[in-house]
1. Please enumerate the residues belonging to the range 1-19 that are surrounded by 14 or more Cβ atoms within 10 Å (Cβ to Cβ) and either in contact with a helix residue (DSSP H, G or I) (Cβ under 7 Å, 6 or more places away or on another chain) or among the hydroxyl-bearing types (Ser, Thr, Tyr) (or both).
2. Among the residues of the range 6-20, is there at least one that is under 30 Å from Lys102 (Cβ atoms) and not β-branched (Val, Ile, Thr)?
3. Can you tell me which residues in the range 1-12 are more than 25 Å from Phe85 (Cα to Cα) and either without any contact (Cβ under 8 Å) to a residue 24 or more places away in the chain or in the same structural domain as Cys110 (by TED's automatic domain parsing) (or both)?
4. Scanning the range 102-129 for residues that are among the hydrophobic types (A, V, I, L, M, F, W, C) and free of Cβ contacts under 8 Å to residues at least 12 places away in the same chain, which turns out nearest to Ala44 (Cα to Cα)?
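The values are calculated or read from the model by the stated rules, or taken from the named source; none is laboratory data. The structure displayed is predicted, hence computed values, not measured ones. Note that we place each Cβ from the backbone using ideal geometry, even for glycine, and neighbour counts take in every protein chain shown.
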Amino acid sequence: MKVSARRRKGYAHSLTAEHHTLIADEPPSVGGTDTGPRPTQLLALSLAACTAVTVEMYAERKGWDVGDVVVDVDYELDPKGTSRFDVTVQIPGEITDEQLQKLQVVAGKCPVHRILTGDVQISDRVERA
């Protein structure tokens, strides 16, 4: 699987994954033009999206009407220490306390959550184009 970031202008980059394109940028306070979320925001957005989809897919398989799920992620990133993600899943549908507890467990099993809490290896290589 491969994704790419290509410079648009300044710090703004087009991000491509298959046939999808997003824009990432930095705020003006650090020299960007704010044409898209910061890369760190994209990380938190990935966690929010993955959690929502995981909860919704599980509920659908169980036949539970969870309604329009909302996932908020409050985060603090510390590249030199411990980063923190607080994930809140809001379920507007009528579900039991037992179903709510099960969805809490399922939310913590989304693939992005598992990647962020697991062992990650990153290999960097800089080469001439």
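1. Hits for the range 1-19 are Tyr11, Ser14, Thr16.
2. Within the range 6-20, none of the residues are under 30 Å from Lys102 (Cβ atoms) and not β-branched (Val, Ile, Thr).
3. Met1, Lys2, Ser4, Arg6, Arg7, Gly10, Tyr11
4. Filtering the range 102-129 down to residues among the hydrophobic types (A, V, I, L, M, F, W, C) leaves 103, 105-107, 110, 112, 115-116, 120, 122, 126, 129.
Narrowing further to those that are free of Cβ contacts under 8 Å to residues at least 12 places away in the same chain: 105, 115, 120, 122, 126, 129.
Values: Val105: 19, Ile115: 13, Val120: 17, Ile122: 19, Val126: 26, Ala129: 31 Å.
Among them, the one singled out is Ile115.
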